[in-house]
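Peer 1: The structure under discussion is supplied below as structure tokens; questions concerning it will follow.
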Amino acid sequence: MRQRLETLFDALLPVIATLAALAVGAVMLLFLKVNPLEAYAALLKGAFGSFNSFAETLVKATPLLLVALGICISFRGDVINIGGEGQMIVGAILATWIGLTFTDAPGWLIITLALLAGFLGGAVWGGIPGALKAYFNVNEILSTVMMNAIAVQLMNFLLRGPMIDPSQAEVASKIPQTARLLDAFQLERLAPTRLHMGALIAVVLAVLVYILLWRTTLGYRIRAVGQNPHASRYAGIKVPRYVVTALLLSGAFAGLAGAIQVYGVNYRMITDGSASGFTGSAGFNGIVAALFGQLHPLWSIPASVLFGALLVGANSMQRMVQVPSALITVLNGLVVIFVVSSEIWRRRRQRRRLVVGEEEAPPKPDKSQVQTGEAQK
């Protein structure tokens, strides 16, 4: 019974962490002389109050889920991918280039090629830190963050130069954006809202990632390397290869998220000069969604919807109860901090239980004692 309760507590820990973050946010709302109940009611109404608002929540959740799927793969391989922002940008750049270059091709073909290009672009951008980690022992956190900066500068250069919208090229105050994609190249809408086919693609891929990690040899080896690289190497698994593979696949899903964001939502690339100007910080929020989902692809689906709801509902709360925009940023940050901290604490509790279990386990009988006992019988 105690073990079951501890397992249930571990499963509910991300929910408890989110509620704790909202409790801290409630205290801050009280200092601003705002009723927390009214504020959070506005948040829920903004996220789920109507069919259109729920559709908008799913639109926000789609890139989070795709990034989270990549994070599930990389973290299971014990490599940390903080480069989702840059991988989304590179994937979106390649996908946009295809849509703006091959304008005479059929829509279904361009969409397929664009999503594939986004997948491959993100894979390359994630594979570079993977190779540096596997063969030169370069810290992947540092390298993926640096790759983010490179991707942002590449985006700024292209959107202000070679890929800028021709209508903006001759204007004094140029808007860094590409031309709009043709209507035939836009992902099909699933409803008379902004909800698009990319949401369905993300859910299907979540199931496929689950099968990959727990039903294939490749997934088994990635998880084995993440659990114990030394034992994996002793068993004949080529550890560097699967370190690279984990980050390569992680980057690929982030790149696909960038491509879907262009073809399903924006229909062009546009930025304010920062990574979040295009990604909406999905590269970072996807990490939290994956941790909230216990690094499980299927559990990442409701986790992504939850964080999509927080993003949509927070904007509604700002409009309805007139709280400062800075508080919305702080509230999202609190959720991130509490959820990540709860995941670290959960892992420490698991290690502690393993150590206690090993100490309490009865010692194995010595072979000589067993043989003596059998002779006496």
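Peer 1: Against the condition surrounded by 20 or more Cβ atoms within 10 Å (Cβ to Cβ), under 30 Å from Met197 (Cβ atoms), outside the structural domain of Ser300 (by TED's automatic domain parsing) and touching a helix residue (DSSP H, G or I) at 6+ places or on another chain (Cβ under 6 Å), how does Leu115 come out, does it pass?
Peer 2: no
Peer 1: Of all the residues that make up region 289-303, how many are buried (at least 24 other Cβ atoms within 10 Å of the Cβ) and in contact with an Asp or Glu (Cβ under 9 Å, 6 or more places away or on another chain)?
Peer 2: 2
Peer 1: With (1) more than 30 Å from Gly258 (Cβ to Cβ); (2) in contact with a Leu (Cβ under 6 Å, 6 or more places away or on another chain) as the list, and Leu58 as the residue in question, which single condition is left unmet?
Peer 2: (1)
Peer 1: Now, a different point. In region 2-34, what residues are aromatic (Phe, Trp, Tyr) and over 21 Å from His296 (Cα atoms)?
Peer 2: Phe31
Peer 1: Is it the case that Ser74 is in a helix (DSSP H, G or I) and within 30 Å of Ser232 (Cα to Cα)?
Peer 2: Answer is yes for this residue.
Peer 1: Restricting to region 80-117, and then to whatever is within 20 Å of the chain's Cα centre (by Cα) and among the β-branched types (Val, Ile, Thr), can you tell me which residue is farthest from Ala151 (Cα to Cα)?
Peer 2: The extreme case among them is Ile80.
Peer 1: List pairs: first residue in region 125-139 and in contact (Cβ under 8 Å) with a residue 24 or more places away in the chain and in the same structural domain as His230 (by TED's automatic domain parsing), second residue among the aliphatic types (A, V, I, L, M) and not in a helix (DSSP H, G or I) anywhere in the structure, Cβ distance under 8 angstrom, at least six positions apart or on different chains.
Peer 2: Listed pairs, sorted by first residue: Pro129/Val138; Gly130/Val79; Lys133/Val79.
Peer 1: When you go through Val145, Val138, Val152 one by one, which is the residue that is of a type in the set (Val, Ile, Thr) and part of a loop (DSSP other than H, G, I, E, B)?
Peer 2: Val138
Peer 1: In addition: Going through Ile260, Ile287 one at a time, which residue ends up being under 19 Å from Ile73 (Cβ atoms), touching a residue at least 24 places away in the same chain (Cβ under 8 Å) and touching a strand residue (DSSP E or B) at 6+ places or on another chain (Cβ under 9 Å)?
Peer 2: Answer to the check: Ile260.
Peer 1: A further question on this structure: If we scan region 45-58, do we find a residue that is of a type outside the set (Ser, Thr, Tyr), surrounded by fewer than 24 Cβ atoms within 10 Å (Cβ to Cβ), over 15 Å from the mean Cα position of the chain (by Cα) and assigned to a loop (DSSP other than H, G, I, E, B)?
Peer 2: Yes - at least one qualifying residue is present in region 45-58.
The values are calculated or read from the model by the stated rules, or taken from the named source; none is laboratory data. None of the values given here were measured: they were computed from a predicted structure. Every residue, glycine as well, gets a Cβ built from its backbone with ideal geometry; the counts of neighbours run over all protein chains shown.
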